[in-house]
Amino acid sequence: MKSQIHPFRTIALASVVAIGMFAGGSVRGDAAKSMTESVGEKTSFNADWTFHNGEAEGAEAVDFDDSAWRSLNLPHDWAIEGPFDVKYNARCGGLPFHGTGWYRKTFQVPADAKGKVAAITFDGAMYNAHVWVNGTFVGNRPFGYIEFQYDISKHLRYGEENVISVRLKPEDLSSRWYPGAGLYRNVWLEYKNPLHLAHWGTFITTPNVQDDRATVAVETLIQGRGDDARVMYEVFDHSGEIVVAMGATLSADQAAAKGELKVANPHLWQLDDPYLYTLRTTVRSDGQVVDRDDTRFGIRTLKFTKKEGFFLNGKHTRIQGVCLHHDNGPLGAAINRRAIERKLQIMKQMGGNSIRTSHNPPSNELLDLCDEMGLLVQVEAFDVWEIAKVPNGYNKFFAEWAERDIKDMVRRDRNHPSVFMWSIGNEILEQNNAEKGNRVAKILNDYVKSIDTTRPTTCGFNYYPAPYKHGMAAQVDIAGMNYKPLAYGEPVDEFLPNNPVVGSETSSCTSSRGVYHLPIDKYQTHPSKQVTSYDIIGPPWAYPPDVEFDALEKHPEVLGEYIWTGFDYLGEPTPYGGKDNSTNGYWNADWPSRSSYFGAVDLCGFPKDRFYLYQSQWTDDPMVHLLPHWNWEGVVSSGRSLTVD
């Protein structure tokens with residue numbers, strides 16, 4: 001995908017933030033083509049890898065013998081293959097996600113690719129990836145959730161076979177949930193002409209949207225040199241018809257281009273009608289097409305206000321959101337577009353209209369689907385900064401990599417119409433350190449704003465009132481309040497008189513689908529290792545959904561909520577084994593509990609009773625859900641009829 005880079009516009013955020021629209025992901029090529037036919041396309045690099053789970057001395061060398069290794073195609077999550085075992089941490093799903101894994105691939109490079117720029121892109125590699133091409137070290141990327149690309153041109157043997165080797169080394173005690181392991185997202189190979197569009201080099205906004213006309217502003221970065229360079233912009237509607245076209249204005253050094261296109265009678269991107277346009281950017285040199293990129297986008301406006309809430313295209317919209325981890329339950333972390341689509345369809349059936357990508361940058365597939373399905377997305381960068389939550393977490397890499405990672409996240413995702421907030425962190429432990437919390441929050445906020453000022457920033461705060469009192473919460477545009485519905489209104493407004501707030505995590509009830517324990521008691525744990533579905537069991541910070549419903553009804557100015565969570569996920573089996581940051585090390589005391597109970601939907605996608613409670617509040621469709629069960633002793637066996645009022 002070619003996404004985008006940009007210097008910025010400014011928005012003032014006091015009591016009101018008004019924002020224009022953004023775009024979607026670039027179209028990817030699906031099959032390999034000859035050099036003359038593949039302008040502007042990426043080729044899937046997923047097929048025909050070999051894999052070894054364990055150390056392999058010298059496996060980066062071209063002549064290393066991998067004939068005994070397993071053959072497979074990507075994406076691949078080695079940990080979901082198991083086994084589930086008590087020797088692994090239940091907090092991370094009781095699965096072997098840590099250790100060393102090697103991937104190797106032998107591939108042919110066309111002779112006519114010589115002189116071009118060969119780029120390999122990893123949508124994500126879990127965790128701490130090291131990459132070699134033909135035995136030469138190319139680079140290292142620690143963060144498992146971030147996309148990265150390398151120019152490997154100088155390392156290739158043209159017209160011959162080549163070998164790429166990738167080593168992953170995820171550590172034990174490095175995550176608070178199941179992260180997966182391996183090359184779990186897609187990999188792409190692209191051959192570019194010497195003059196080409198920069199990776200993430202196109203940025204689209206619509207600074208002015210009216211009923212009869214919208215301005216589509218485009219800025220493009222170009223790399224390399226060519227004779228008589230020209231850039232053309234074309235906007236296509238959903239049916240593929242050209243709406244408007246223009247030649248871009250190039251900078252004197254031909255390193256950047258920009259233009260403003262006027263779209264008449266724009267079809268807006270909306271939750272119930274997520275209409276997508278496509279911007280085609282074509283680069284010519286000496287009259288010949290040398291690069292082309294198709295980027296989907298949607299025309300829409302955002303407005304966030306302190307007193308009235310959130311408006312999408314001028315219409316007041318309450319956030320009915322869910323927090324989602326990235327795994328797909330029994331399928332693990334390996335990207336599966338249909339599994340993600342099904343998950344989002346189920347969330348929409350519940351009435352959900354927004355996703356919080358807890359607590360990491362999401363896959364391209366999730367954002368593409370949200371663009372297509374009409375779901376708003378809060379994209380989150382980090383679960384940890386410098387102060388560790390687990391001994392071997394991202395805190396080990398934060399000082400060196402945080403700037404690069406958060407900027408790359410924004411550059412990659414800033415054209416998706418579904419993306420409407422950037423979160424710089426979740427429940428960061430720096431909240432209790434006034435100096436460090438404020439300083440790091442401001443730095444991260446500034447990093448985001450240096451790339452994109454068209455969306456607000458936020459952060460999930462769970463220590464109240466510390467980050468509000470000492471000013472950390474004011475470093476972002478919108479304060480994310482985790483589990484503090486009773487502080488909505490005057491309590492938080494005392495500290496944040498101008499900034500909007502959102503319930504960034506709410507409720508946190510736990511339950512097992514179809515389980516009802518009688519008598520109804522609020523217990524800590526149950527011998528069955530299950531949790532009753534009466535929504536009364538949860539960690540100390542949890543509360544029934546009705547508490548949040550009541551608080552939001554009393555405070556319509558609050559933007560809305562993100563429930564914890566939409567789906568159960570692998571790992572973090574609260575109330576069994578441990579409770580969030582208060583329990584360190586392994587969570588195996590209640591084995592075999594090793595998956596979440598938090599979801600409104602279970603690990604396989606079947607709704608729990610709580611799903612229907614949210615559906616009753618979040619949709620206008622008539623619905624009835626009866627619970628808990630119809631097998632009380634002396635009733636079913638007697639054959640008696642029951643009257644339901």
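May I ask you to compute the full-extension gain from VAL624 to ALA466, defined as 0.36 nm times their residue separation minus their alpha-carbon distance, rounded to one decimal in nm?
Values: separation 158, 0.36 × 158 = 56.88 nm, distance 4.26 nm.
Between VAL624 and ALA466, full extension yields an extra 52.6 nm.
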| request: Could you work out, for the chain, what percent of all Cα-Cα pairs fall into each 10 Å distance bin, beginning at 0 Å and stopping at the bin that holds the largest distance? | output: 3, 16, 25, 26, 18, 9, 3, 1, 0
| remark: The helix 337-350 Cα axis meets the longest alpha-carbon principal axis of the chain at an angle in degrees, between 0 and 90 and rounded to 10, of 40 degrees
| field | Between helix 545-554 and the chain: long-axis angle, C-alpha atoms, 0 to 90°, nearest 10 | value | 80 degrees
| Alpha-carbon centroid distance for the pair region 273-294 / region 393-471, whole angstrom | 32 Å
| field | Positive-end extreme of charge dipole, the chain - chosen from ASN438, ASN426, HIS555 (charges on Cβ) | value | ASN438
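Looking at the chain, what % of its DSSP beta bridges pair antiparallel, to the nearest 5? Before the final figure, lay out each step's value.
Working: 95 of 125 bridges.
DSSP beta bridges in the chain are roughly 75 percent antiparallel.
Can you compute the helix-only [θ] at 222 nm over the chain? Use -39500 (n - 2.57) per DSSP H run of at least 4 residues, normalise by all residues, nearest 500 deg cm²/dmol. The partial results should precede the final answer.
Working: 8 runs with 84 residues, N = 645.
So the calculated ellipticity at 222 nm is -4000 deg cm²/dmol.
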| request: Please figure out what share of the DSSP beta bridges in region 464-609 is antiparallel and state it in percent, rounded to the nearest 5. | output: 20 percent
| query | Between GLN617 and LYS114, how many nm apart are label points set 7 Å from Cα along the C-beta direction? | reply | 6.7 nm
| Under-5 Å amide H pairs with LEU376, H placed in peptide plane, nonlocal only | SER354, ILE355
| Length-normalised contact order of the chain in % [C-alpha pairs under 8 Å, at least 6 apart] | 15 percent
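Just add up the charged neighbours of ASP609: K/R +1, D/E -1, any other residue whose Cβ is under 15 Å from the Cβ of ASP609. Display every interim value, and only then the final one.
Details: positive: ARG513, LYS608, ARG610; negative: ASP535, ASP546, ASP568, ASP602.
Net of charged neighbours comes to -1.
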| message | From the phi angles alone, apply the Karplus equation (6.51, -1.76, 1.60; θ = phi - 60°) to region 593-607 and give each ³J(HN,Hα) in whole Hz, x where the residue is Gly or Pro. | response | 5, 8, 9, 5, 10, 6, x, 6, 10, 7, 4, 9, x, 9, x
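Normalised by the residues of region 43-192, what does the relative contact order come to in percent, with Cα pairs under 8 Å and at least six apart? Present the calculation step by step, with values, prior to reporting the outcome.
Values: 361 pairs, mean separation 51.7, N = 150.
Computed over region 43-192, the figure is 34 percent.
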| note | With the charge dipole of the chain built from beta-carbon charges (+1 for Lys and Arg, -1 for Asp and Glu) about the Cα centre, the Cα from GLY115, VAL515, GLN270 projecting farthest to the positive end belongs to GLY115
| query | Ratio of region 126-184's C-alpha Rg to 2.2 N^0.38 Å, to two decimals? | reply | 1.31
| request: Enumerate the calculated ³J(HN,Hα) couplings along region 401-414 in order (Karplus 6.51 cos²θ - 1.76 cosθ + 1.60, θ = phi - 60°), each rounded to whole Hz, writing x wherever the residue is Gly or Pro. | output: 10, 4, 4, 4, 5, 6, 5, 5, 4, 5, 4, 5, 9, 6
| request: Within the set of other residues whose C-beta is less than 14 Å from the C-beta of ASN438, count the net charge using Lys and Arg as +1 and Asp and Glu as -1. | output: 0
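By the scheme Lys and Arg +1, Asp and Glu -1, what is the net charge of all other residues having a beta-carbon under 9 Å from that of ILE387? Before the final figure, lay out the partial values.
Working: positive: LYS389, LYS436; negative: GLU386, GLU430.
That works out to 0.
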| task | Provide the FRET efficiency to the nearest 0.05 for the ILE443-SER641 pair, computing r from the beta carbons and using R0 = 51 Å. | result | 0.15
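For GLU260 and HIS316 in one chain, what is 0.36 nm times their gap in residues minus the Cα-Cα distance, to one decimal in nm?
Details: separation 56, 0.36 × 56 = 20.16 nm, distance 2.85 nm.
Difference between extended and current length: 17.3 nm.
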| query | Taking 0.36 nm per intervening residue step and subtracting the Cα-Cα distance, what contour gain separates ALA47 from ARG404 on full extension? | reply | 125.6 nm
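Dipole of the chain, Cα-centred, from +1 at each Lys and Arg C-beta and -1 at each Asp and Glu C-beta, to the nearest 20 debye? Numbers along the way, then the final one.
Numbers: 64 positive and 81 negative charges, 106 e Å.
Magnitude of the dipole: close to 500 debye.
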| region 43-192: Lys pairs at Cα distance under 26 angstrom, eight or more positions apart or on different chains | 11
| So if R0 is 22 Å, what FRET efficiency would CYS604 and GLU341 give, r being the distance between their Cβ atoms, rounded to the nearest 0.05? | 0.90
| task | Quick one: which residues, 5+ away or cross-chain, put their amide H under 5 Å from the amide H of GLY560? H built at 1.01 Å from N. | result | ILE319, GLY503
| Separation of alpha-carbon centers, region 70-125 and region 515-530, rounded to whole Å | 40 Å
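With only Lys, Arg, Asp and Glu charged, each at its Cβ (+1 for the first two, -1 for the last two), find how big the charge dipole of region 474-568 is about the Cα centre; round to the nearest 20 debye.
Numbers: 5 positive and 14 negative charges, 111 e Å.
Here the size comes out at about 540 debye.
Read-outs throughout are calculated quantities, based only on the coordinates presented, and are distinct from any laboratory measurement. The shown structure was predicted, so the numbers you read here are calculated from the model rather than taken from an experiment. Neighbour counts are summed over all protein chains in view; Cβ atoms, including those assigned to glycine, are modelled from backbone coordinates with ideal geometry.
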